[in-house]
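These notes are about the structure you will find just below.
The values are calculated or read from the model by the stated rules, or taken from the named source; none is laboratory data. Everything numeric in this text was worked out from a predicted model, so none of it was measured. FYI the Cβ positions are ideal-geometry reconstructions off the backbone, even for glycines, and counts take in every protein chain you see. Surface areas here come from the heavy atoms of the whole protein model, side chains and all, with no ligands, DNA or RNA. Shrake-Rupley method; radii C 1.70, N 1.55, O 1.52, S 1.80 Å.
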Amino acid sequence: MAGTTTALDQLLARIDDEDPFYYRLEDVRALQLQAADERFQQLRQQMPVLDQRSQDTGTERISGLADMLPLFFSDATYKSYPESLVEQRNWKALGSWVEATSAGANIAQVDVEGVQDIDEWLARLRDAGQYLYVSSGTSGRVSLFHASAKDRERDLAMFRLAWRWATGAVPDQSRPVFALFPVKGSHRMMDSFGRIARDFGRPDAIYYLSDQPLRVTDVNSLGRLRKAIGAGTATPSEIDAFEQKSAEKQVEMQQSLERLADAVVRHRNEPCLFIGTWGPEYRLVKTAVDRGLASGVHPDSVILAGGGLKGIVLPPDFKEQLQQALRLDNSRYLLLYGMAELSTIMPACSQRRYHIAPWMIPIVLDKDSERILEPKDGRLTGRLGFFDLALEGRWGALISGDHGTVDLKPCPCGCPGPSILDTIVRYLDLPGGDDRVNCAGTIDAYVRGALGSAVA
Amino acid sequence: MSSLTGTVVGKVIKVPHIVHGKAVFGDAVEHRSRVGDLFLTPKLDLDALVRPRSEPGPAFEVPLREILDLLGETGRRLNLDTNPHLAEALDLISASSRHSRRVVENTYRVIGQTFEPGALGYQVERELGPGVIDGWVPVYKPNAPSCQVRAFPPRLVHIMAGNGPPAASISIIRGALTKGINLLKLPSNDLFTATAILRTMADIAPDHPTVRSFSAAYWRGGDEAVERLIYRPQYFDKLVAWGGEATIRHALKYVGPGFELVQFDPKVSMSMIGREAFCDAETLERVAGLAAEDVNMMNQEGCASSRHQFVEGDVKEVDRYCAALARQLAVDRFWGDGKIWKTPADIRDTVEGLRFTGTHAVFGHYDGRGLVVRSNEPVDFHPIAKTVNVIPVASLRDAVRYASVATQTVGIYPRERKAEVRDALANAGVQRVVTLGSAIGLATTGQGLPHDGFLPLQRLMRWVSDEESE
């Protein structure tokens, strides 16, 4: 068997195992490194950015973790396109950029004649079978990355696995679904979550937060306005219009939540499925309580929650409040950790630790991402990074903005594989002890206002 | 290490406070600096740090002449080779600094120059007018009875900047020239320079009223437990704040009737290079060197450090300039290192992506020798760590639209062309136009010339009138 299949195939085949998370790291490490090298050799042929990096750092082979470090990207890679290309509708240059930062994308051959904005561009590419995902950032700037057909297939398989592993839920199209995201859009979450919603949901009872597609153009408009204010070209009425539009969106959002909350109350005696991120889920459940959800939902209901709060302010005990309102057992929660730009997700076990699949190599670095840390008592604490070996449409070795602890020892849940403790924080939110006063500034400092609240 | 100013015990540094001119040592409070080093300070005695309004400050009636004498002597004593306070501050700062010891040492070698009494006397006269700092001066308004005006000493609390010793000397000099009461809030990125200067002054004349007019202490910037108690008009007239957005936003909470903010805003700077740079290869290299000088002050960590450069020429010419600039950035300079820390990963990864748009070109290296990115429009990221964004323009006038209220210094080559754009730049919000290569302007900044768009001494004083009627 091993003679004919690659290390990569052997690892990725484990997604069909009964419990892929049940493994000992020392048993797969050699296979992981071999697979990492296979992925590297394959993608450097296709990704100019990766090839450039390997040349610049003199990295020809991966035979250990240390060889991998210079090949890790920061998430800035997928946000590195100049915003001006979008504004000037320079789809050719934007396409070249995508092709350089991804593998197997064929953008140049797609006819983009007459395309007016980035949403149209993404739709045109999608029609031609080229999937580009976006993922939003708090700065009003979205990352842009490519997913191959195989990547999308594995993405769905990964979510099915996580549901089954954490909650026992299976995709039988039987449950009312509360999907806390718009029905359509280029966001990666919408594709992944949307397919889950249809996979698990009863076709007549799938409720989306919005029937309007989420447009990248709207997300980017925040960035454009910030830029215009910085340059002094935005007029007071433009700022006012933007703020009013944001306020209207908030009202619409509340109305949608009320519509969903009423449905939650209606379906409270059936096993349902909730899917979204913490912020909107908390708001939905609060609204449902206000509208008559008195004694929780059906005990076989399941809920997927996770994601950073991205600057949204919630009460410190929001998770407890949510749990009290739903009255669901801990085993009904699918808690996830992952990076938007990676495909492989990490579901939490009964001990609230996030488990790492064998086709995902975790590394832990110092704050400045300069060195790989050595384990102390089997644990590593620092900046988290992952090489997602499953990805083939882009490079899967990324350093996160998160600080956390990886335990290489068996988890108290009984699983011998590596896990991440429930102590993950963004470096941005850490008290940095930053009391450094400097006369140098950025133009952003001159852009005042509550514009940030407009980010969905 | 000897224990004059700060003391290193293992990795723990002790930072003294200065209370009315006297150094106070202690290790009651533990703090952690930005780089994670532990340091200890005495307990903050807020009652001792403020002076009641019922009594005038010690230096209120001291003639300017005597203050200039003290400052002049201080300048002479701020000699790195003979001054133990300064030598120790240098050791402590360079131990935790990202800049090379050579560059940090250079900054210490020049601070004495900023105390030159002739220049300071000129500054007072130019900013305030003759005599008003020493007493009541008659003013003659047409068709009005004669009145008198005095520039009265203020009560100031300074939120200091820590990017280089000159920031400390400028705050102390201005505070001394006002004759006012000064409380300096030490920045975590320079806990030593201000106290070293104040202790040098105390060594010269421990009981001098100007010496007794100064206190210096550390507390975490924005610490409400401290700031809500002392940022009050009962104790201070003005908060003189340098620095970042967070500092200013904290400070704004306390501004109200009787308590005013004088702010030196966080700024960005740029360069404009005319087509004259391309007249021959030697000139191009020299111009790139001047531009690198303006980029590489304190390794591009200053407000006057150039980050975007607009070059008059076609892409081919501009790329030649970029290549020359990348070479020049790698050269050791008085104010900057030829090689610094690595380019931050987010900038490196962004630039790696830009290579493939077909509209950008990249010159230089990610290893700290300097990086140049040529683009049609300014890049979306903020260039730091010796990263320069070069944008070709058809004419210098076309570059004016990239200047804004956030722009402090614009360095221009050749000098003859400053006049062509300076009104348009000022209109856009720019505060300072210099000849390329002179952005540091140590000898000019603030000393009788505007700083951040105003005359600082004039803003710091309290202007009081004694009016006659018919």
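One table, with the values for the structure above:
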quantity: Any hit, the stretch A:60-67, residues being open to solvent by less than 60 Å² (accessible area, probe 1.4 Å) and among the hydroxyl-bearing types (S, T, Y); calculated: no
quantity: Selection status of A:R53, crowded, with 19+ Cβ neighbours inside 10 Å and within 14 Å of chain B (Cβ to nearest Cβ); calculated: yes
quantity: Inter-residue pairs, beta-carbon under 7 Å, first at negative phi and in the stretch B:377-392, second among the basic types (K, R) and open to solvent by 20 Å² or more (accessible area, probe 1.4 Å), 6+ apart; calculated: B:V390/B:R374
quantity: Residue selected from the stretch B:343-365 under the condition at the interface with chain A (Cβ under 8 Å from one of its Cβ atoms) and in a loop (DSSP other than H, G, I, E, B), by the criterion modelled with the highest pLDDT; calculated: B:H360
quantity: Test: residue in the stretch A:382-402 that is out of contact with any Leu (no Cβ under 9 Å at 6 or more places or on another chain), in contact (Cβ under 8 Å) with a residue 24 or more places away in the chain, of a type outside the set (A, V, I, L, M, F, W, C) and open to solvent by less than 10 Å² (accessible area, probe 1.4 Å); calculated: yes
quantity: Qualifying residue in the stretch B:215-225 (condition: of a type in the set (A, V, I, L, M, F, W, C), under 18 Å from B:T195 (Cα atoms) and in a loop (DSSP other than H, G, I, E, B)); calculated: yes
quantity: Conditions (1) touching a residue at least 60 places away in the same chain (Cβ under 8 Å); (2) in contact with a helix residue (DSSP H, G or I) (Cβ under 7 Å, 6 or more places away or on another chain); (3) outside any helix (DSSP H, G or I): number failed by A:V49; calculated: (3)
quantity: Complete set of residues in the stretch B:187-238 that are of a type in the set (S, T, Y), touching a Lys or Arg at 6+ places or on another chain (Cβ under 6 Å) and more than 14 Å from every other protein chain (Cβ to nearest Cβ); calculated: B:T200
quantity: B:N389 more than 10 Å from chain A (Cβ to nearest Cβ), surrounded by fewer than 17 Cβ atoms within 10 Å (Cβ to Cβ) and not hydroxyl-bearing (S, T, Y); calculated: no
quantity: Only listed residue being within 27 Å of A:S331 (Cα to Cα), under 19 Å from the mean Cα position of the chain (by Cα) and among the basic types (K, R), chosen from A:R195, A:R215, A:R202, A:R268; calculated: A:R195
quantity: Subset of the stretch A:69-99 [of a type in the set (V, I, T) and at the interface with chain B (Cβ under 7 Å from one of its Cβ atoms)]; calculated: A:T77
quantity: Where a residue in the stretch B:35-46 is within 20 Å of B:N189 (Cβ to Cβ) and its partner, wherever it lies, is at pLDDT below 95 and among the polar types (S, T, N, Q), with Cβ under 8 Å and at least six apart; calculated: B:V35/B:S96; B:D37/B:S96; B:F39/B:S33
quantity: Selection from the stretch B:57-98 of residues that are in a helix (DSSP H, G or I) and over 24 Å from B:N182 (Cβ atoms); calculated: B:A87, B:D91, B:S94, B:A95, B:S96
quantity: All positions within the stretch B:105-134 that are touching a Pro at 6+ places or on another chain (Cβ under 9 Å) and farther than 17 Å from B:I170 by Cα; calculated: B:I133, B:D134
quantity: The stretch B:396-417, subset in contact with a strand residue (DSSP E or B) (Cβ under 6 Å, 6 or more places away or on another chain), open to solvent by 10 Å² or more (accessible area, probe 1.4 Å) and at pLDDT 95 or above, residue nearest to the other protein chains (Cβ to nearest Cβ); calculated: B:Y413
quantity: Residue among B:V390, B:V372 that alone is farther than 25 Å from B:G164 by Cβ and of a type in the set (V, I, T); calculated: B:V390
quantity: When residues of the stretch B:126-167 are limited to those that are of a type in the set (V, I, T) and closer than 30 Å to B:M297 by Cβ, the one farthest from the other protein chains (Cβ to nearest Cβ); calculated: B:V157
quantity: Residue among A:Q32, A:Q10 that alone is outside any loop (DSSP other than H, G, I, E, B), over 18 Å from A:R394 (Cβ atoms), modelled with pLDDT of 95 or more and open to solvent by less than 20 Å² (accessible area, probe 1.4 Å); calculated: A:Q32
quantity: Residue check for A:S369: on the phi > 0 side of the Ramachandran plot, open to solvent by 10 Å² or more (accessible area, probe 1.4 Å) and hydroxyl-bearing (S, T, Y); calculated: yes
quantity: Any hit, the stretch B:251-273, residues being within 14 Å of another protein chain (Cβ to nearest Cβ), under 28 Å from B:A161 (Cα atoms), in a helix (DSSP H, G or I) and among the small types (G, A, S); calculated: yes
quantity: Selected residue (criterion: farthest from B:E282 (Cα to Cα)) from residues of the stretch B:305-336 that are open to solvent by 10 Å² or more (accessible area, probe 1.4 Å) and part of a loop (DSSP other than H, G, I, E, B); calculated: B:W335
quantity: The stretch B:366-375 - residue that is assigned to a loop (DSSP other than H, G, I, E, B) and crowded, with 18+ Cβ neighbours inside 10 Å and, of those, farthest from the other protein chains (Cβ to nearest Cβ); calculated: B:G370
quantity: Hits in the stretch A:116-144 - residues which are open to solvent by less than 10 Å² (accessible area, probe 1.4 Å) and part of a loop (DSSP other than H, G, I, E, B); calculated: A:G137, A:G140, A:V142
quantity: Test: residue in the stretch B:408-418 that is farther than 20 Å from B:A167 by Cβ, in contact (Cβ under 8 Å) with a residue 40 or more places away in the chain and assigned to a loop (DSSP other than H, G, I, E, B); calculated: yes
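Matching residues to (1) open to solvent by 10 Å² or more (accessible area, probe 1.4 Å); (2) outside the structural domain of B:S305 (by TED's automatic domain parsing); (3) in a loop (DSSP other than H, G, I, E, B):
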site	(1), (2), (3)
B:E127	no, yes, no
B:G131	yes, yes, yes
B:P145	yes, yes, yes
B:V149	yes, yes, no
B:H158	no, yes, no
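Let's see how each residue does on (1) at pLDDT 90 or above; (2) in a loop (DSSP other than H, G, I, E, B):
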position	(1), (2)
A:T77	no, no
A:R89	yes, yes
A:K92	yes, no
A:G95	yes, no
A:V98	yes, no
A:S102	yes, yes
A:N106	yes, yes
A:D111	yes, yes
A:G114	yes, yes
